[in-house]
Amino acid sequence: MASTPETKIPENENEETSVASFLNEFIINPVNLLLTLIISVLVYKIFRKFIRPQVEAPAVVLPKLRKDMTVAELRQYDGTQPDGRVLLAVNGWIFDVTRGRRFYGPGGPYAPFGGKDASRGLATFSVTLPDKEYDDLSDLNSMQMESVKEWEEQFREKYDLVGRLLKPGEEPTNYSDEEPEETDTSTGCPTEKKDL
Ligand code: HEM
């Protein structure tokens, strides 16, 4: 006499019991349990950004800064000041990278660039910068200078322009008459670099 397999739901059982026994079997099966757990974790990962508060939103929006600076002045803006502002220079232009504090602020992976001229580091793939008063980048080759310009483009797209990085003895521009929204968007180097 053929016997009905244990897992088979008897045909004459009512629908409610069938569902209950199916669920019971589904959950008890270790493979199904594992799959359920994996799916739950994946679903949680996908949706957690919608249910978590935006912890990275900046607490304060700093007023826009428009100013040419010397290397010494720039150095103060490494994110350790009370307002937390972070500036850096690329190819003779200073940018406000406070929005990227997690990169350039204290403890960030690129913190050595905060308050500095990052050009050489960006061109040479090094986060360590030389302790120079003013770096004229004259020893960089044309490929490295090309890379510096590309980085400058990226910073122009992502961050606010603050002003020029002044060479020793160079006078700052007076931006007080400038329209609030006006910024210099030329990509030429402000300090007349050598031809490439
Ligand atoms: C193992 C080496 C590296 C890894 C894995 C890495 C990884 C990354 C990642 C994932 C980002 C994008 C972060 C984001 O947008 O959320 C980034 C951005 C960046 N990286 Fe790196 N990086 C490396 C090396 C370097 C080096 C050597 C430099 C320069 C010397 C550098 C400079 C930068 C800069 C300037 C940004 C842009 C940050 C911004 O958007 O303001 N990285 N890196």
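The values are calculated or read from the model by the stated rules, or taken from the named source; none is laboratory data. Quick caveat: nothing in here was measured; it's all calculated off a predicted structure. We place every Cβ from the backbone using ideal geometry, glycine too, and count neighbours over all the protein chains shown.
Things worth noting here:
- Considering residues of region 119-160 that are closer than 17 Å to Asp68 by Cβ and touching a strand residue (DSSP E or B) at 6+ places or on another chain (Cβ under 6 Å) only, the residue farthest from the ligand (Cβ to nearest atom): Asp135
- Restricting region 127-149 to residues that are under 21 Å from Tyr77 (Cβ atoms) and not charged (D, E, K, R), the residue that is surrounded by the most Cβ atoms within 10 Å (Cβ to Cβ): Val148
- Note on region 106-118: residues that are within 9 Å of the ligand (Cβ to nearest atom) and touching a strand residue (DSSP E or B) at 6+ places or on another chain (Cβ under 8 Å) total 2.
- Residue within region 36-53 that is over 15 Å from the mean Cα position of the chain (by Cα), over 21 Å from Glu153 (Cα atoms), within 16 Å of the ligand (Cβ to nearest atom) and modelled with pLDDT under 95 present: yes
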